[in-house]
Amino acid sequence: MTLIDYQQDMETCCRCSACKFIPLENVKGFEHANVCPSISRFEFHAYSGGGRLGLGVALLEKKIDYSDKLLEVVYNCQMCGACDTSCKYAMDMEVLDPINEIRITGVAGGHTLPVLDKIIASLRQTGTMVPGSRAKRGDWAEGLDVKDFTKQKSEVIYHAGCRTAYSRDMWPAARASIKLMQKAGIEAGIAPEETCCGGRAYQMGYRDDAIDQAKRNMDAIKKAGAKTLVTGCAECYHAFKVLYDKFGVRGDLEVLHTSEYFDQLIRAGRLKPEKKVDLYVTYHDPCHLGRQGEPYIRWQGKRRPGQVILFDPPKEFRRGTFGVYGPPRDVIGSIPGIRLTEMARTKEYAWCCGAGGGVRETNPAFARWTANERIGEVAETGVEAIVTGCPGCEDSFREAIKAAGNNLKVFDIVELLAESIL
Ligand code: SF4
Ligand code: SF4
């Protein structure tokens, strides 16, 4: 698909602005009716989902071209997909896909941001999005008795992801994941020199690099004979499950987030959370596990011209409803002693942590502002800790909490589960 394939979707936009808000019947209050960080921060229509579709049409009609200002608008967006979900509450049209295509078309035409080019250069040279030595990538697993799936066959693979591998703060969750699997009798394999999933490159507009990474990863996974891939990173989860399907390379590989995997093991009685963890928490739905985590739906056909929008054959839309919402809450609920309360914006209408879409790299102040908004929402619940299932969200929140001098704690779900079991 290219930008022109979304021309009809973009032209369908009626500028109703519903993509800026949570649908009315789901709004919990005036303070938290907004759902798009970009329009909330910059307060000009171009910075909304619908506004970006207008820019896409103008690009196709050659009324505008890529300029510094256009790139500034295009990249001040977390690619969180909230606009897509809110629009599809009433409409049958794509919003996030064309927004991504505007970036992809720009990159293909050489219209890029130097800060992102630098990250992609690292990906091309070392296979990681975080500039750093590939040989150090497996350091998080030092001392663990875990097999290398690039050398030994492995039915289950654990993929740590760049953000986890290169951040010591994230190592406890990764190490706990392996230990919990071992406790349940599962011998998972890891790749000490694992390569990036490519998901973030795709969001930044570097589609060819993302596809290269997908092929490289799937080759290694197939050689290992793996049937299931488990990851604790929401962005990796989205890449392996949704994007690899879109690229046509996933095959029948089952992709599970750690919350889904451990939820299954708890239900099967293979893991028993028994120790009390006395903590009052709220749960943050990562965008790529929640609304963007629902399965990819392949559709090929035509949209019939006319006043009523008809697809031939009928098209099923991904509306964010079938993301991973239950398993993380069920795992938290299975831990004795933990009390969970929800924020105003949850599940498909959750507010982004600020880290997505390359914003942390292109505009750290905007990423921080977005995280602060969420931290404020957390504070209203009166909890002691925020629990999530993505190292990107964790990192974003930790940074914002530190800057604010707040004493809120941040945990990955697996860390709390491990405290209750190991
Ligand atoms: S993208 Fe959808 S919700 Fe937003 S203005 Fe256009 S039609 Fe309305
Ligand atoms: S993807 Fe997120 S930040 Fe970007 S326009 Fe849509 S809602 Fe706003």
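For Lys28, a cut-off of 27 angstrom between C-alpha atoms picks up these lysines, skipping any fewer than 8 places away in its own chain: Lys20, Lys88, Lys347, Lys409.
Listed by chain and number, the lysines whose alpha-carbon sits under 25 Å from that of Lys153, ignoring those within fewer than 8 places in the same chain, are Lys136, Lys179, Lys183, Lys215, Lys222, Lys223, Lys227, Lys241. Shown are Thr150, Thr105, whose ranking by accessible area with a 1.4 Å probe and every protein chain present, most to least, is Thr150, Thr105. With protein chains left intact and a 1.4 Å probe, residues in region 126-187 average 47 Å² of accessible area per residue. Using a probe radius of 1.4 angstrom, the carbon and sulfur fraction of the accessible surface of region 1-129 is 56%. The simple spin-label model puts a point 7 Å past each Cα toward its Cβ; for Arg168 and Glu316 those points are separated by 4.7 nm.
Going by average Cβ neighbours within 10 Å, how do the peptides 255-261, 359-365, 11-17, 396-402 rank, with the highest at the top?
Values: 255-261: 24.9, 359-365: 18.3, 11-17: 14.6, 396-402: 19.9.
Those peptides, ordered most packed to least, come out 255-261, 396-402, 359-365, 11-17.
Put simply, when 188-199, 306-317, 373-384 are sorted by average Cβ atoms within 10 angstrom per residue, most first, you get 188-199, 373-384, 306-317.
Here the relative contact order of the chain, from alpha carbon pairs under 8 Å that lie six or more residues apart, stands at 17 percent.
Treating the Cα atoms of the chain as identical point scatterers in vacuum, please give the log10 of the normalised Debye intensity I(q)/I(0) at q = 0.06, 0.11 Å⁻¹, two decimals. For the chain at q = 0.06, 0.11 Å⁻¹, log10 I(q)/I(0) is -0.23, -0.81.
For Glu11 and Gln307 in one chain, what is 0.36 nm times their gap in residues minus the Cα-Cα distance, to one decimal in nm? Intermediate values should be presented prior to the final figure.
Working: separation 296, 0.36 × 296 = 106.56 nm, distance 1.24 nm.
Residue separation times 0.36 nm, minus the Cα-Cα distance, leaves 105.3 nm.
Segment Ala403..Glu384, full-extension length gain: 5.1 nm, with 0.36 nm per residue of separation and the alpha-carbon distance subtracted.
With protein chains left intact and a 1.4 Å probe, residues in region 360-422 average 36 Å² of accessible area per residue.
For region 1-112, the relative contact order works out to 35 percent when only alpha carbon pairs closer than 8 Å and six or more residues apart are counted. Site pair Glu155 and Lys223 shows an inter-label distance of 2.3 nm when each label is modelled 7 Å from Cα along Cα→Cβ.
Each DSSP beta bridge with both residues in the chain is either parallel or antiparallel, and the antiparallel ones are about 15%.
Between region 147-216 and region 266-337, what's the alpha-carbon centroid distance in Å? Here the two parts' Cα centres lie 21 Å apart.
The values are calculated or read from the model by the stated rules, or taken from the named source; none is laboratory data. These numbers were taken from a predicted model, which means no experiment stands behind them. Positions of Cβ are generated from backbone atoms using ideal geometry, with glycine treated the same way; all protein chains shown enter the neighbour counts. The protein model used for the area step is the full one, side chains on, heavy atoms only, and it has no ligands, DNA or RNA in it. Shrake-Rupley method; radii C 1.70, N 1.55, O 1.52, S 1.80 Å.
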